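Structure first, commentary second.
The values are calculated or read from the model by the stated rules, or taken from the named source; none is laboratory data. Not measured: the values here are computed from a predicted model. Heads up, the Cβs are rebuilt from the backbone with ideal geometry, glycines too, and the neighbour counts pull from every protein chain shown. Remember, those area values only see protein heavy atoms, side chains included, never the ligands or the DNA or RNA. Shrake-Rupley method; radii C 1.70, N 1.55, O 1.52, S 1.80 Å.
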Amino acid sequence: MALSALDAHARIDAGVRAPGASALRLRGRRWGRDVLSWLAYPRSPDDYLQALNANWTLDRVVARIEAIQHETRDTTSLYLAPSGNWRPHRAGQHVLLTATLSGVDHTRCFSLSVAPRLGAPMRLTIKAHEAGRLSCWVRDTARVGDQVQLSQALGAFVLPDPVPERLLFVSGGSGMTPLLAMAQALVDAGYEGSLRWIHSERTEVALLDEMRSACVALGVTLDLHRTGAEYSSVITSRDRGHLTGADIAALVPDYRERHLLTCGPRGLMDAARALYAEAGLAHRVGQEDFQPLLSRARPPARDGLDDEAPQLLLARSRRAIRAEPGVSLLQLAEQAGLHPPHGCRRGICNTCKCTKRSGTVLNHLTGAESDASNEEIRLCIHSPITDVTLDL
Amino acid sequence: MTHSDVAPRPPTGAHDERALAAFAVELDDIYRRAMSEVGEEDARYLRRMLRLQRRAELAGRGALQLGIFPPLWLAGSGLLCLSKVLENMEIGHNVLHGQYDFMGDPALHGARYDWDWSCPADQWRHSHNYLHHTFTNVVGRDRDVGYGLLRMAESQAWTPLTLLQPIYALGLMLAFEAGVAVHDLELNRVLTGRKPLSELRELGAPMLRKAARLLAKDYVLFPLLAGPGAPLVFAGNVTANVGRNVWAFCVIFCGHFPDDVQTYDEDALEHESRGAWYLRQVGGSANIEGPRWLHVLSGHLSHQIEHHLFPDLPAWRYPRIAAEVREVCARHGVEYNSRPLHRQLAGAWRRILRNALPGGPEQRAAKREVRAARAARARPTWTSMLKRAA
């Protein structure tokens with residue numbers, strides 16, 4: 001799975017490194033940071049800086065919304081001006097965006113939809129989901145000048161190094177976001193290899209112009225597939241459900257020579273991955289998964305257990321709640337009225353880590369089950385198989 | 001003004017169980033209504049407090065660096081003391097109760113926050129959030145009744161050393177930070193051989209590590225920064241810390257030790273209904289009357305009754321619900337203990353002095369009453385988790 005080999009800090013690509021940074025200066029900066037930490041203990045220096053001015057930070061990255069662009073009816077681009085401690089990202093990476101809505105912080109993951117370019121603003125292109133508080137806020141309520149918090153760029157979904165001669169992008173819906181960043185990075189680097197890009201979309205395609213111009217600049221083909229909508233200005237169109245592995249093989253006969261990078265709905269990515277796995281090429285696949293991890297998950301049926309759903313017991317709060325299939329421990333705890341600390345809600349940031357006193361849980365990232373007692377687990381990616389007791 | 005502090009159990013009988021249940025229903029209703037309003041206003045209040053506290057600290061420490069000028073030294077010590085008081089009481093204590101967990105900010109989550117004095121937050125969460133709030137004023141279970149140092153209830157043991165407890169109390173007042181830091185270590189049980197020394201290590205080590213860093217910060221690093229002005233910074237930091245200690249001691253001792261506040265014995269916990277739990281929280285707590293600045297500086301522990309009824313309600317809301325709580329108590333015939341600061345403080349000191357002397361006839365009479373009530377008891381169960389969890 002894409003998230004198993006995490007590279008939490010972006011490498012600074014040559015050409016976008018801050019000029020003049022020397023080893024000596026970095027060491028001096030680190031020493032200064034240590035002294036400040038001692039003086040601020042148990043708080044962090046940022047706590048005091050932020051009390052003076054919301055824009056002053058050392059570790060935390062804050063960003064101001066510079067512009068808002070409504071790309072389609074439900075997709076919005078946010079142009080952000082981050083604070084000086086933002087490290088340039090690698091094309092394909094994502095960030096954790098935190099915004100305060102009515103006093104409550106909400107944090108979600110979004111891919112950067114631009115390549116890292118010196119002086120260019122960073123951009124997130126966000127599709128609003130029905131129940132998504134943050135994505136709906138971006139579409140409806142966010143204003144230029146609002147301040148948000150960001151993590152540094154995260155993720156291992158980047159162009160391989162060295163970039164392969166032949167590439168295949170398979171995207172669907174908002175999965176085009178990181179791939180667009182990668183395509184722009186390829187343009188910037190003067191990529192001369194062969195790229196095929198297959199994109200499938202149910203509704204309007206956001207940033208279609210940019211996708212097309214990147215493809216034109218690279219001299220490559222963008223295959224656009226409609227699943228259930230009618231549009232005229234497409235290169236090719238096919239009106240059916242999501243693409244299957246066979247479709248991809250038919251569209252790209254030389255797929256075995258191409259390195260696959262895929263991001264989009266689960267069914268599409270699974271199809272593309274399976275195609276490569278069958279050909280014994282699973283090592284040539286990179287993917288990024290942005291849908292709620294548990295929507296497909298059902299605890300496996302077990303002999304000896306009755307049909308009643310397991311219970312989640314919260315030891316310190318003395319509450320109990322019945323589990324539902326596909327609902328994570330984090331969501332169950334929230335349904336029970338708690339507010340456990342959380343961040344990305346998808347297994348990356350470790351903020352929701354909590355001790356499971358007993359019970360068997362399913363890890364939705366790895367598919368593994370664990371029945372160890374007194375085990376620290378990430379609540380957002382685990383769901384109960386048997387009755388589970390948490391130290392919450 | 002009663003001196004007997006072993007509370008007689010409320011009389012049995014379905015009528016009184018119903019009355020207790022009705023008492024609980026009304027208080028639960030106040031809680032639900034208040035909690036439903038918690039949101040943006042509370043977040044803004046806390047952020048305002050955080051900004052005020054941190055700016056005061058920066059200004060205070062900055063002024064102390066220039067402490068060669070007496071007005072700056074005075075202002076610096078005062079501002080630093082104010083910032084420490086706000087951090088410990090209005091911010092730290094309340095955040096640690098989980099009152100602001102709803103904000104979703106991991107830095108302000110009750111399970112994660114660490115406050116700015118030597119007591120490690122984990123140990124406070126155990127000894128205060130759990131032990132003190134569950135077993136409030138139950139002698140033998142709530143260590144806050146005397147802190148293992150002072151005899152604050154007649155039912156606690158008296159030894160000749162107890163005669164000196166006014167001096168211990170004064171010492172605790174000046175070094176309150178240290179007293180709170182070692183609270184969970186149960187040193188008195190170690191000294192009397194009831195707890196092995198080896199068990200101290202697990203809690204003692206993190207406490208000493210934290211204390212060392214804070215002592216280094218206040219008494220080494222900041223003075224060093226001032227160069228020749230080091231002694232003045234040192235003196236200013238001592239003053240600020242002692243000032244915070246004295247204020248915190250006074251507020252906390254006014255919470256459970258003034259006149260007419262009850263202590264309870266372990267039987268109170270047996271089959272305690274929700275209404276009886278509420279009753280013990282009200283009976284074991286006392287409020288301080290005063291102006292708004294007193295409430296803020298006390299971290300709203302001036303509303304100890306409301307705090308003990310609803311520990312996870314953001315504390316700044318306690319004055320809003322106080323009138324209603326008081327009225328419910330009046331209707332149910334429950335005493336609501338609320339007096340100005342000087343009177344509650346005098347009552348607390350009277351208790352310290354009184355209990356420095358061995359217990360008298362009231363104690364014996366009270367014990368007889370308790371034994372009689374225990375014999376006639378049968379209670380409906382609210383939950384036996386108090387016993388299980390202990």
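Using amide H atoms built in the peptide plane, which far-off residues or other-chain residues are under 5 Å from A:Q287 H to H?
Amide H neighbours of A:Q287: A:A2, A:T262.
Enter the mean number of other protein chain beta carbons within 10 Å of the beta carbon of each residue in B:49-59, as an integer.
3
With an 8 Å Cα cut-off and a minimum separation of 6 or more residues, compute the relative contact order for chain B in percent.
Rounded, it is 26 percent for chain B.
Would you list the P(r) distribution for chain B, with all Cα-Cα distances sorted into 10 Å bins from 0 and each bin expressed as a whole %?
All Cα pairs, binned at 10 Å, distribute as 5, 21, 32, 26, 12, 3, 1, 0 percent.
Could you give me the ³J(HN,Hα) list for the stretch B:320-328, computed from phi with Karplus coefficients 6.51, -1.76, 1.60 and θ = phi - 60°, whole Hz, x at Gly and Pro?
5, 9, 4, 4, 5, 4, 4, 5, 4
Using the basic label-point model (7 angstrom from Cα toward the beta carbon), what is the A:D270 to A:D387 distance in nanometres?
3.3
Need the C-alpha centroid separation for the stretch A:147-183 versus the stretch B:154-176, integer Å.
67
Structure shown: which of B:K195/B:K367; B:K84/B:K195; A:K356/B:K210; B:K210/B:K367 lie over 31 Å apart, alpha-carbon to alpha-carbon?
B:K84/B:K195; B:K210/B:K367
Calculate, in nm to one decimal, what A:E130 and A:D161 gain on full extension: separation in residues at 0.36 nm each, minus their alpha carbon distance.
Computed gain between A:E130 and A:D161 is 7.4 nm.
What is the mean number of Cβ atoms from other protein chains located within 10 Å of the Cβ atom of each residue in peptide A:312-322, rounded to a whole number?
Averaged over the peptide's residues, the number is 1.
Considering only protein heavy atoms, with the full assembly of protein chains and a 1.4 angstrom probe, order B:D114, A:D289 by accessible area, largest first.
In descending accessible area the options line up as B:D114, A:D289.
With a 10 Å cut-off between alpha carbons and a GNM built on chain B, which of B:V334, B:V138, B:V233 moves the most?
B:V334
Go ahead and run the numbers for FRET between B:L164 and B:R331, Cβ-Cβ distance against an R0 of 56 Å, rounding to 0.05.
0.80
Take each of the peptides B:38-45, A:146-153, average the number of other beta-carbon atoms within 10 Å over its residues, and list them starting from the highest.
A:146-153, B:38-45
Per-residue mean of other chain beta-carbon atoms within 10 angstrom of the beta-carbon, peptide A:91-100?
1
With a ≥ b ≥ c the root eigenvalues of the C-alpha gyration tensor of the stretch A:308-392, is it rounded (a/c under 1.5), prolate (a/b larger than b/c) or oblate?
It is rounded, given that a/c, with a ≥ b ≥ c, falls under 1.5.
Arrange the residues B:D116, A:D161, B:D16 by how much accessible surface each exposes, largest first, with a 1.4 angstrom probe.
Ranked list, largest accessible area first: A:D161, B:D16, B:D116.
Rolling a 1.4 angstrom probe over the protein chains, ignoring ligands and nucleic acids, what is the accessible area of B:L187 in square angstrom, nearest 10?
The value for B:L187 is about 70 Å².
With labels modelled as points extended 7 Å from the Cα through the Cβ direction, what inter-label distance (nm, one decimal) is found for B:L357 paired with B:V238?
3.7
Rounded to the nearest 10 Å², what accessible area does B:L353 have for a 1.4 Å probe in the complete protein model?
Here the residue's solvent-accessible area equals roughly 90 Å².
Given N residues in the protein assembly as shown, what is Rg(Cα) / (2.2 N^0.38 Å)?
1.13
Over the heavy atoms of A:K353, what accessible area does a 1.4 Å probe trace out, to the nearest 10 Å²?
80
So, in Å, what gap is there between the alpha-carbon centers of the stretch B:47-77 and the stretch A:354-392?
Here the answer is 47 Å between Cα centres.
Does the stretch A:40-160 come out rounded, prolate or oblate by the C-alpha gyration tensor, with a ≥ b ≥ c the root eigenvalues, rounded set by a/c under 1.5 and, if not, prolate when a/b is larger than b/c and oblate if not?
The shape class here is oblate.
Would the stretch B:218-319 count as rounded, prolate or oblate if I go by the C-alpha gyration tensor, calling it rounded below 1.5 in a/c and otherwise prolate when a/b exceeds b/c, oblate otherwise?
It is prolate, given that a/c is not under 1.5 and a/b is the larger ratio.
Any idea how far the Cα center of the stretch A:77-142 sits from the one of the stretch B:204-271, in Å?
Distance between centres, Cα-based: 43 Å.
Where does each of B:S273, B:S302 land when they are ordered by accessible area, with a 1.4 Å probe and the largest first?
If we order B:S273, B:S302 from most to least accessible, we get B:S273, B:S302.
Each residue of the stretch A:108-122 in turn: what ³J(HN,Hα) in whole Hz from Karplus with 6.51, -1.76, 1.60 and θ = phi - 60°, glycine and Pro shown as x?
For the stretch A:108-122, the Karplus-derived couplings read 9, 8, 9, 7, 7, 9, 10, 6, x, 10, 4, x, 7, x, 7 Hz, x marking Gly and Pro.
With r as the distance between the Cβ atoms of A:R318 and A:L26 and R0 = 60 Å, compute the FRET efficiency 1/(1 + (r/R0)^6) and round to 0.05.
0.75
In percent, what relative contact order does the stretch B:124-210 have, based on Cα pairs under 8 Å that are 6 or more apart in sequence?
Dividing the mean separation by the residue count of the stretch B:124-210 yields 22 percent.
What order do you get for B:239-251, B:89-101 when each peptide is scored by the mean count of other beta carbon atoms within 10 Å, highest first?
Listed from highest to lowest mean packing, they are B:89-101, B:239-251.
Defining a contact as two alpha carbons under 8 Å apart and six or more residues distant in sequence, what relative contact order in percent does the stretch B:51-193 show?
Relative contact order, the stretch B:51-193: 15 percent.
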